[in-house]
Amino acid sequence: MHDEPGHGHHEHHDASSPEVRVEALEDLLVERGLADPERIDATIRRFEHDIGPMIGARLVAEAWADAGLRQRLLTDADAVVADMDIRGAEIEHIEVKANGPGVHNVVVCTLCSCYPWALLGLPPNWYKSPEYRARVVREPRAVLVEMGLELDPGTEVRIWDSSSETRFLVLPERPAGTEGWPAERLAELVTRDSMIGVAHAADPGGQ
Ligand code: FE
């Protein structure tokens with residue numbers, strides 16, 4: 001709820017126990033008749049089952065399989081998202097950044113935790129951590145190595161800082177050995193972390 005339109009970046013990551021505070025807030029809203037517990041539960045269920053990285057993965061896989069779509073995605077992702085009828089929170093404006101030989105993109109929100117929810121589901125805890133947010137900008141390679149991603153020394157690392165106006169999605173490199181695969185099968189290789197830029201797409205050998 002911190003990323004609603006018009007909201008700046010502040011005062012939402014200092015609570016000692018977010019779970020307790022959220023529960024207290026929910027109780028208060030329900031008690032005052034401002035929120036319906038059924039609707040809150042339905043929203044949580046939607047995020048758990050209907051919205052998740054599989055939406056972004058499908059988009060990436062289709063872009064791998066279709067050069068025209070890939071080009072459109074890189075130049076006007078908003079139009080592609082609208083055409084594919086992908087809806088939901090936090091993707092009012094999305095930009096897609098393609099990895100390729102010599103270039104690797106990583107997404108962060110240095111100020112809080114802006115994230116393309118409708119494409120990737122709920123952000124992982126590490127994405128919201130002060131450590132990731134600060135360090136991935138200062139020492140991206142060290143952070144990536146700690147997360148299991150070793151890049152070629154000659155690869156340029158580009159960091160994209162999200163905001164309430166712009167969200168980013170990384171288009172990972174299509175793994176070798178997947179020639180001729182249909183998009184549905186390709187999508188299984190597209191992990192959440194690869195779309196944040198802290199991992200490569202999965203190895204097709206593992207399929
Ligand atoms: Fe943010």
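The values are calculated or read from the model by the stated rules, or taken from the named source; none is laboratory data. It should be emphasised that the depicted structure is a prediction, and the values quoted were computed from it without experimental measurement. Quick reminder, even Gly has a Cβ in these numbers, built from the backbone with ideal geometry, and neighbours come from all protein chains shown. To get the accessible areas, we keep the full protein, side chains included, count just its heavy atoms, and leave off ligands, DNA and RNA. Shrake-Rupley method; radii C 1.70, N 1.55, O 1.52, S 1.80 Å.
Could you identify the single residue in A63, A35, A79 that is touching a helix residue (DSSP H, G or I) at 6+ places or on another chain (Cβ under 7 Å), farther than 21 Å from L186 by Cβ and modelled with pLDDT of 90 or more?
Unique residue meeting the criteria: A79.
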Subject >> Residues (open to solvent by less than 80 Å² (accessible area, probe 1.4 Å) and out of contact with any Pro (no Cβ under 7 Å at 6 or more places or on another chain)) located in the range 165-189 >> reply: T166, F168, V170, L171, P172, G180, W181, P182, A183, L186, A187
Original post:
Among (1) within 20 Å of V157 (Cβ to Cβ); (2) in a loop (DSSP other than H, G, I, E, B); (3) not polar (S, T, N, Q), which single condition is I86 missing?
Top reply: (1)
Subject >> Number of the condition not met by E90 [criteria: (1) acidic (D, E); (2) modelled with pLDDT under 95; (3) more than 16 Å from the ligand (Cβ to nearest atom)] >> reply: (3)
Original post:
Is it the case that the range 136-147 has a residue that's open to solvent by 10 Å² or more (accessible area, probe 1.4 Å) and within 16 Å of the ligand (Cβ to nearest atom)?
Top reply: yes
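How many residues does the range 75-92 contain that are more than 21 Å from G52 (Cβ to Cβ) and open to solvent by less than 60 Å² (accessible area, probe 1.4 Å)? Break it down stepwise before answering.
First pass over the range 75-92, keeping only residues more than 21 Å from G52 (Cβ to Cβ): 75-76, 79.
With the extra rule that they be open to solvent by less than 60 Å² (accessible area, probe 1.4 Å), the set shrinks to 79.
Adding up the residues that qualify gives 1.
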Original post:
Counting only residues that are away from the ligand (no atom under 15 Å from the Cβ) and basic (K, R), which one in the range 93-135 is most open to solvent (accessible area, probe 1.4 Å)?
Top reply: R135
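Return the total of residues in the range 56-94 being on the phi > 0 side of the Ramachandran plot and of a type in the set (G, A, S). If you could, list the steps in order and put the result at the bottom.
Here is the first cut: in the range 56-94, the residues on the phi > 0 side of the Ramachandran plot are 85, 88, 90.
Applying the additional criterion that residues be of a type in the set (G, A, S) yields 88.
Within the range 56-94, residues that are on the phi > 0 side of the Ramachandran plot and of a type in the set (G, A, S) number 1.
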Subject >> Matching residues in the range 35-59 - criterion: being surrounded by 13 or more Cβ atoms within 10 Å (Cβ to Cβ), over 19 Å from the mean Cα position of the chain (by Cα) and small (G, A, S) >> reply: A35
